[in-house]
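A short worksheet on the structure shown next.
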Amino acid sequence: MAQSAKPLQAAQPSRRDFLKTSALATGAALGSMPLVAVHAQETKRTFTAALIGCGGRGNGAMTNHLEAVEYLNEKLGWKLEVKVIATGDWFQGRAQSAGKRFDVPEDKCFGGADAYKKVLDCNPDIVVMAQPPAFRPLHFETVIKAGKHVFFEKPSAVDPPGIRRIIAAGELAKEKNLRVVAGTQRRHDRGYNQRALELKDGAYGRVVAGRVAWNMGAIFTNNPINPKGPDDLVGPWQIWVEMSGDHICEQHVHNLDIANWYCGSHPVSAGGFGFRARRKAGNMYDFFSVDLEYPDNVHIHSMCRQIADTWSWVGEDFVYEHGKPGDFEVQSADPYEAPGYHPNAYVGEHAHLLYAIVKEQPLNEAQNVAWATGAAILARESAYTGKRITWEEMFENPTKNPDLYNLTMKPQAEDFETGEVTLLKDGDIRIPGV
């Protein structure tokens, strides 16, 4: 009899083959090599780092990166140093503010649409990226081509071409022997990894159903922007679908990533609904409710909402074939055993990135975050259109439904560099049906 597990909350091969063969059930993000501890004398290293995207999350991510250095040094007896040498943001003032925080010379704090290029001209070893999602496919591709290790925030894109671009750049990163970690920090949390190892070892059989959610109160501004120029899109980027992907991408991607991870696949189709009831600013929906179909007729209910004074729940809850969490002894080795798990997964993801860089071990989460973001885009478009949409027609087969396959949000990152930016309108939303 199928049994429901205690919900987890925040603090191509078959699915069975996927979970049996992956070292961490992460789409082979780490390959098959455990991260093994080494002696301190082998790990006296100095790296340079740069920050692209200097808002709250960017400052937070770089702070976490430096905290990870302290964590690894204390835990493993290393003598690791990371020096921040450049910052870049659309708004130069933000870049300069971050530069002061991280002791970056003012002449290495860059603003404007091409700030990411100027940052790369400083030749950092590691690039931390937290720019608006609309910029990430172009910036990630450029940084990988430049041969840099990357931490980049989620979501990875806002449209299907962007997803394919992220996946392609991720494959290039493998060819260049680069390490890539995404801001889906649950992948670096002890509890989530414990459950993944239990699944890998067959503790519960397969996932047969589930629900994932990011339901919360109101967030961000609700005063209409009436954009007059690009600043009004880049500044409050979270409220524009074309910049953020809508909140189903920007936030709910975390929960969708867990569904993909534990189901061992991206969804094969999505059908759902959503709408806008309370917002005045931007052009996003207030809520989504979507049925995600995974291989073997597994259905996961995806739901997310941003409305004040409503039921809040953020987490994941799955039904398995058998077993109960906590009554199974894991046999497989934990690939993160050596660096361990920082109590704060926001720090832990950077610790695992730095460990893999130092030990030259494979770590590449580009496909994972692309699949999670792709699941969000698939769900979003099913709600916007009122249609059931397949993964194949949106991401894989250019002839099956060309309109979906080529769906491109405007403005694109390149448009900000040419100055040909399409201005958006508050309340201009997609309405399903006729």
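Going by the structure shown, is residue 237 buried (at least 23 other Cβ atoms within 10 Å of the Cβ) and of a type in the set (Phe, Trp, Tyr)?
no
Six or more apart or on different chains, Cβ atoms under 6 Å: show the pairs whose first residue is in segment 368-389 and among the polar types (S, T, N, Q) and whose second is open to solvent by 10 Å² or more (accessible area, probe 1.4 Å).
Cβ pairs passing all conditions: 368/27; 382/271; 382/272; 385/432.
Can you report the number of residues in segment 63-93 which are part of a helix (DSSP H, G or I) and closer than 19 Å to residue 121 by Cα?
Total meeting the criteria: 1.
Tally the residues that are part of a helix (DSSP H, G or I) and either open to solvent by 40 Å² or more (accessible area, probe 1.4 Å) or hydroxyl-bearing (Ser, Thr, Tyr) (or both), restricting the search to segment 369-397.
Counting residues in segment 369-397 that are part of a helix (DSSP H, G or I) and either open to solvent by 40 Å² or more (accessible area, probe 1.4 Å) or hydroxyl-bearing (Ser, Thr, Tyr) (or both) gives 6.
So which residues in segment 297-319 are assigned to a strand (DSSP E or B) and acidic (Asp, Glu)?
316, 317
Restricting segment 34-71 to residues that are basic (Lys, Arg) and modelled with pLDDT of 95 or more, which is farthest from residue 146 (Cα to Cα)?
Across segment 34-71, the extreme among qualifying residues is 57.
Working only within segment 331-358, note down all residues that are more than 25 Å from residue 60 (Cα to Cα) and open to solvent by 50 Å² or more (accessible area, probe 1.4 Å).
331, 333, 337
In segment 121-231, which strands (runs of 3 or more DSSP E) lie fully inside it and hold 1 or more residues that are of a type outside the set (A, V, I, L, M, F, W, C) and surrounded by fewer than 24 Cβ atoms within 10 Å (Cβ to Cβ)?
Output list reads 207-216.
Can you find, within segment 320-368, the residue that is nearest to residue 149 (Cα to Cα) among those that are part of a loop (DSSP other than H, G, I, E, B) and of a type in the set (Phe, Trp, Tyr)?
Of everything passing the filter in segment 320-368, 336 is nearest to residue 149 (Cα to Cα).
Given the criterion among the β-branched types (Val, Ile, Thr), touching a His at 6+ places or on another chain (Cβ under 9 Å) and over 21 Å from residue 383 (Cα atoms), identify the matching residue among 347, 314.
Just a single option satisfies the conditions, and that option is 347.
Inside segment 245-296, can you point out the residues that are assigned to a loop (DSSP other than H, G, I, E, B), open to solvent by less than 20 Å² (accessible area, probe 1.4 Å), within 25 Å of residue 233 (Cβ to Cβ) and small (Gly, Ala, Ser)?
If the condition is that a residue be assigned to a loop (DSSP other than H, G, I, E, B), open to solvent by less than 20 Å² (accessible area, probe 1.4 Å), within 25 Å of residue 233 (Cβ to Cβ) and small (Gly, Ala, Ser), then 245, 281, 282 are the ones that fit.
For segment 75-120, which residues satisfy the criterion of being under 26 Å from the mean Cα position of the chain (by Cα), farther than 30 Å from residue 342 by Cα and among the acidic types (Asp, Glu)?
The answer is 114, and nothing else.
Mind checking which residues of segment 309-330 are among the small types (Gly, Ala, Ser) and either at pLDDT 95 or above or surrounded by 13 or more Cβ atoms within 10 Å (Cβ to Cβ) (or both)?
Hits for segment 309-330 are 312, 315, 323.
Filtering segment 398-420 down to residues that are open to solvent by less than 40 Å² (accessible area, probe 1.4 Å) and not in a helix (DSSP H, G or I), which residue is farthest from residue 116 (Cα to Cα)?
My answer is 407.
Every residue in segment 255-296 that is among the β-branched types (Val, Ile, Thr) and within 17 Å of the chain's Cα centre (by Cα), please.
Correct list: 258 only.
Does residue 109 satisfy being touching a Ser or Thr at 6+ places or on another chain (Cβ under 6 Å) and either among the basic types (Lys, Arg) or farther than 24 Å from residue 346 by Cα (or both)?
Against the criterion (touching a Ser or Thr at 6+ places or on another chain (Cβ under 6 Å) and either among the basic types (Lys, Arg) or farther than 24 Å from residue 346 by Cα (or both)), residue 109 qualifies.
The values are calculated or read from the model by the stated rules, or taken from the named source; none is laboratory data. Fair warning: this is a prediction, and the values are worked out from it, not measured in the lab. With ideal geometry, Cβ positions are generated from the backbone for all residues, glycine too; neighbour counts draw on all protein chains shown. Just the protein is used for accessible areas: all its heavy atoms, side chains included, with ligands, DNA and RNA removed. Shrake-Rupley method; radii C 1.70, N 1.55, O 1.52, S 1.80 Å.
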